[in-house]
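So the structure is just underneath, and the comments pick up after that.
Rule-based calculations on the coordinates, nothing more; no lab input. Computed from a predicted structure; not experimentally measured. Cβ atoms come from the backbone with ideal geometry, glycine included; neighbour counts cover every protein chain shown.
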Amino acid sequence: MRFFLILILIFIFIFIFIFIFIKNFYLRLIRLISKKIITMFKNLEHLGIAVNSIEKSDAVFSALLGKTYYKTEAVESEGVTTAFYDGGNVKIELLEATRPDSSIAKYLAKRGEGLHHLAFEVDNIHERMEELRSKGFRLLNEQPKKGADNKLICFVHPKDTNGVLIELCQSILEDEEE
Ligand code: CO
């Protein structure tokens, strides 16, 4: 009788061991597969539009979207003031120059107001930058920099992307949680 009890206990331990092992095995497998099939970009996070004046353009975008911007933010290092609108699936970022030597001021002088960049959200900006470099894309900055909306950002050279300036962005909070 005692023998059977010990046997049952051994089976229970084996079962628990296998369950834990399989659980870890599955987790490891899922991580391995998801790393392999992870997409370059998670989603289109925002559209950047260069404007001469946020206050003037607000009349247009408030009329279009039915509501005014939900926040403005100056990024001194870039010489830009931004205003964010809720565009449904995607945010709309208006960009106004604060200095004549900023890249937005140069863009406005050269091409006028209009669509400036597409910003894609990424999980790991360092890895995505490395991946893009390995695919031959030139990046406008060597390291991610602090952008508006509490994000780490990086731009891909528009000459390598059919003239479309592409921004990678990653929420800084997400980064710290990892
Ligand atoms: Co942007």
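Values for this structure:
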read-out	value
Length-normalised contact order of the chain in % [C-alpha pairs under 8 Å, at least 6 apart]	19
Choice from Thr81, Thr72, Thr161 with maximal GNM fluctuation in the chain (Cα, 10 Å cutoff)	Thr161
Computed [θ] at 222 nm, deg cm²/dmol, the chain (DSSP H ≥ 4; -39,500 (n - 2.57); rounded to nearest 500)	-13500 deg cm²/dmol
Of Lys67/Lys159; Lys67/Lys146; Lys56/Lys135; Lys56/Lys159, those spanning more than 29 Å from alpha-carbon to alpha-carbon	Lys67/Lys159; Lys56/Lys135; Lys56/Lys159
Packing-based order for 135-143, 94-102, 114-122, using average beta carbon neighbours within 10 Å, highest first	114-122, 94-102, 135-143
